[in-house]
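First comes the structure, then the notes that go with it.
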Number of protein chains: 2
Amino acid sequence: MKYVFGVDIGGTTVKMGLFTDTMELVEKWEIPTDKTDGGKNIIPDVCGSIKSKMEEKNISSSDVTGVGVGAPGAVDDKGMMPGGAVNLGWGPLNLKELMEKELPGIKIVAANDANVAAFGEMYAGGGKGYANVVAVTLGTGVGGGIILGGKLLAGSTGAAGEIGHMKVDDEETEKCNCGHTGCLEQYASATGITRLAKRRLAEDDKPSSLRNVETIDAKAVFDAVKEGDEVAEEVAKKFGKYLGKGLANIADVVNPEIFVIGGGVSKAGEMLLGFVEPEFKATAFPPCKGAKFALAKLGNDAGIYGCAGMVLS
Amino acid sequence: MKYVFGVDIGGTTVKMGLFTDTMELVEKWEIPTDKTDGGKNIIPDVCGSIKSKMEEKNISSSDVTGVGVGAPGAVDDKGMMPGGAVNLGWGPLNLKELMEKELPGIKIVAANDANVAAFGEMYAGGGKGYANVVAVTLGTGVGGGIILGGKLLAGSTGAAGEIGHMKVDDEETEKCNCGHTGCLEQYASATGITRLAKRRLAEDDKPSSLRNVETIDAKAVFDAVKEGDEVAEEVAKKFGKYLGKGLANIADVVNPEIFVIGGGVSKAGEMLLGFVEPEFKATAFPPCKGAKFALAKLGNDAGIYGCAGMVLS
C-alpha cells in the first residue's frame, strides 16, 4: 500500500491529510500555524508532523508516493514563492526545496492554496469528471484556480487565477484591499456582499428584514432572499450581475467546461447559482456560454484533497 | 531534409507555406478560397495544391513531417469544428480527418486561425523566446490566442482566447456583431476605433484634422495623433483604456509573460503600446502586471508560421 500526504498551510492552522494512493482519506488532522520569527518554524513543524504520522502508522519513506503542499501566496512551477506569504510572515522562499530538505527522498509538489483547493474540487469534488475547470472561492476575498487539460495553471509568476482582482466596475470609488477600484472581490466576496447590502439599505427606507439583523453578512442576505425579502433580492441580483459578468469574461479567455463555486458564500446553496448563471449566459460569447455551474463539495478539505491529487496526477 | 506545410484558410484566399523542419521558409503562395457549394471544394483544393508542390519539389510523403492547418472557426483538439466556419460556408465538420483522407500517411494538425497566428508569433515572431504568451489581433474584429507552457490553449469548445467579446463597458447601447453590448471589439478593433473617433467628433466642434479626412479609420486616427491632434489623442487614450483594462483582466486569469499585439491596427507601431501599457499597469493585479508588451512581427504570415510550428512542437 502506498500513501500520499496533503498539507494545506493556512494563516491559523495547517490542515493535513493522509490518503492512500487511490485517494481514500485515511486520517486528517490539524496543527497550529506558528507565525513567530517570520514563520520559520512552519515548515519544520509540518514535516515533523508528517514524520510522526509515518512512525505512528509504520509507513516508510519508500511507501510515500509524495507530499503535496499548498500555501497562501503565489507559487511558481518550481516551488518558488517570489513574494513569500504575507499571512505566514514568509519572505521569498522555495517551499518545495525547503520541504525536500526536511523529508529526504520524498517527492514534494507545491502550489498556491487557492489553486490547490481548485485542483481538489476538480480531482475529487464538484468538478470531478471534468478536465477544464475554473474553481471560484467566494470567501473573505475572491480566489480562483484554473485547471486546463487536467493540470493546474500556475501562470508565469504563480498568479494565474487571481480573478478576485479583475476590474468589473469603472465607477467604483471605494478602494479594494489591493489598492485598485472596481475589483470583482468588492462585490462577490462575503465582505463584498455585506458592502452591497449596506449600500443598498442606505439608499432609501424600503422595508427589509435586513434592517433588523444584528450583523449583515452574506448569510443574512441569502437567508432574507429565501424569505422573499425584496431588498435582499436586489442585493443578490447585483452580486450575481458582477460575478456572472466576471465569469463570462473568464470563459471567453479559457473556455472551461465547468465553474465550481465554493467558499463560505457558497453555503447559500443552489439558489446562489440562480443569480449568477443568467448573467453569465447573457454575457459570455456564445461558443463559451455552455459552461456548467456546480457547487464545491469538499469544503475546507478541498486543499488537502487537492494537494494529494497533485501528487498522484 | 524533412518538410512541413503551413495552411492558413481565410475567407478570400488560402495562404500556404512550405518550410524545412528547422522552420526555414522555402516558399509561400496563395490559392483562392472557393466558397461555392458550402465551401466543399476548399479542402480538396488545399490538398491538391500541397500534392502539386510536393511533386514540383520532388518531396515524398515520408519527407513531410506534417501539415498544420488553421481555419476561421472554433476547432477542438481533435480537429472538430462543431460550429463549422461561417465565412467559408462550412457547417460542422472535422477538418483534421477530412485532410487526412486527402493526404494519406501525412500527420495533420488543425486549429483556429487566430490561435494559429498567435502560435506563430510565439514560435517565430514577437513572442519568440517566451512560453506563456497572449497574442492579440486588432483587425476588423479583436481576436486572441493563448499559449501556455508553449502549447496553444484550445478550450473545451475550441473557443479559448475569444477575448474580443469580453465585456468592458456596461453602459454601451450599440450592439456588437455578436449581439451583446460593450464587447472589447467595439472599442479596440479597427472598426471600433473608427466608431470611437466618429462618436468623439460628433460630441462637439473642437478642431481636429480628423474632420478633414475622407475616411476616418484607425490609421487616420494614429496618424493624427503623431501630428499632435488633441481629439485624435483623446480617441487613442480611450482605445488604450479599454484595451489596457481588458488585457489586465486577462493577465489576472492566465498570468502571461508577454502580450504580443498584431493585426492591422498594430501598424501604428510602438506608439500604440504607449496608450495601452499605462492602463494595463494601473489595472492588473500587482503579481500579474509585470507582463511585457511587444508588437507582432510576422504580419499576414503569422498563420503559416504558426501552422508549421504546431506540427514541429
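If you take the Cα centroid of the range B:178-224 and the Cα centroid of the range B:66-112, the two points sit 36 Å apart.
With both labels modelled 7 Å from their Cα along Cα-to-Cβ, the B:SER313 to A:ASP37 distance reads 4.7 nm. Averaged over peptide B:159-172, the number of partner chain Cβ atoms lying within 10 Å of each residue's Cβ comes to 6. With r as the distance between the Cβ atoms of B:GLU30 and B:GLU203 and R0 = 45 Å, compute the FRET efficiency 1/(1 + (r/R0)^6) and round to 0.05. Using R0 = 45 Å, I get an efficiency of 0.55. Between the alpha-carbon centers of the range B:283-301 and the range A:238-254, tell me the distance in whole angstrom. With the range B:283-301 and the range A:238-254 each reduced to a Cα centre, they are spaced 23 Å.
Taking θ = phi - 60°, what integer Hz values does the Karplus form 6.51 cos²θ - 1.76 cosθ + 1.60 yield along the range B:238-245, in sequence order, with x for Gly and Pro? Residue by residue, the range B:238-245 yields 5, 3, x, 5, 5, 5, x, 5 Hz.
Take B:GLY38, move 7 Å from Cα toward the beta carbon, and the resulting point lies 6.9 nm from the same point in each other copy, nearest first.
Amide H contacts of B:VAL75 (H built 1.01 Å from N, in plane; Pro and chain starts excluded): B:ASN112 sit under 5 Å, all sequence-distant by 5 or more or on other chains. Here A:VAL225, A:VAL75 are placed in order of increasing Cβ neighbour count within 10 Å, fewest first, which gives A:VAL225, A:VAL75.
Here the average projected area of the convex hull drawn through the C-alpha atoms of the range B:126-297 stands at 10.2 nm². Summing +1 for each Lys or Arg and -1 for each Asp or Glu among the other residues whose beta-carbon sits under 10 angstrom from that of B:LYS57 gives -3.
Quick one: work out the % antiparallel among DSSP beta bridges in the range A:129-296, nearest 5. Intermediate values should be presented prior to the final figure.
Numbers: 10 of 19 bridges.
Of all bridge pairs located within the range A:129-296, approximately 55 percent are antiparallel.
Applying the Karplus relation 6.51 cos²θ - 1.76 cosθ + 1.60 with θ = phi - 60° to the range A:7-21 yields 3J(HN,Hα) values of 10, 10, 7, x, x, 10, 9, 9, 8, 10, x, 10, 10, 7, 6 Hz, where x marks Gly and Pro. Legend: translational diffusion of the protein assembly as shown by Stokes-Einstein, Rh = Kirkwood radius over C-alpha pairs, 20 °C, 1.002 mPa s; D = 82 µm²/s.
Quick one: longest stretch of chain B between exposed loop GluC sites (Glu not before Pro), exposed meaning at most 11 other C-beta atoms within 10 Å and loop per DSSP?
Values: sites that count: B:GLU24, B:GLU171, B:GLU174, B:GLU214, B:GLU227.
It runs B:25-170.
Put in order of Cβ neighbour count within 10 Å, fewest first, the listed residues B:TYR130, B:TYR305 become B:TYR130, B:TYR305.
Between A:THR181 and B:LYS281, the FRET efficiency from the beta-carbon distance, with R0 = 25 Å, is close to 0.95.
Between A:VAL213 and A:THR140, the simple label model (points 7 Å from Cα in the Cβ direction) yields a spacing of 2.0 nm.
Could you give the Stokes-Einstein D for chain B in µm² per second, using the C-alpha Kirkwood radius, 25 °C, 0.890 mPa s? Translational D for this selection: 122 µm²/s.
Neighbour counting of Cβ atoms within 10 Å sorts the residues A:LYS53, B:LYS292, fewest neighbours leading, into B:LYS292, A:LYS53. Placing a label point 7 Å from the Cα of B:VAL26 along the Cα-to-Cβ direction, the distances to the matching points in the other copies come to 5.9 nm, shortest first.
Label-point spacing for A:LYS237 across the identical copies (point 7 Å from Cα in the Cβ direction), in nm and ascending order: 3.6.
Rounded to the nearest 5, what % of DSSP beta bridges with both residues in the protein assembly as shown are antiparallel?
The answer is about 55 percent antiparallel.
Throughout, read-outs are computed from the coordinates displayed, never taken from laboratory work. The model shown is predicted, which means the values in this text are computed figures rather than measured ones. All Cβ positions, even for glycine, are placed from backbone atoms using ideal geometry, and neighbour counts span all protein chains on display.
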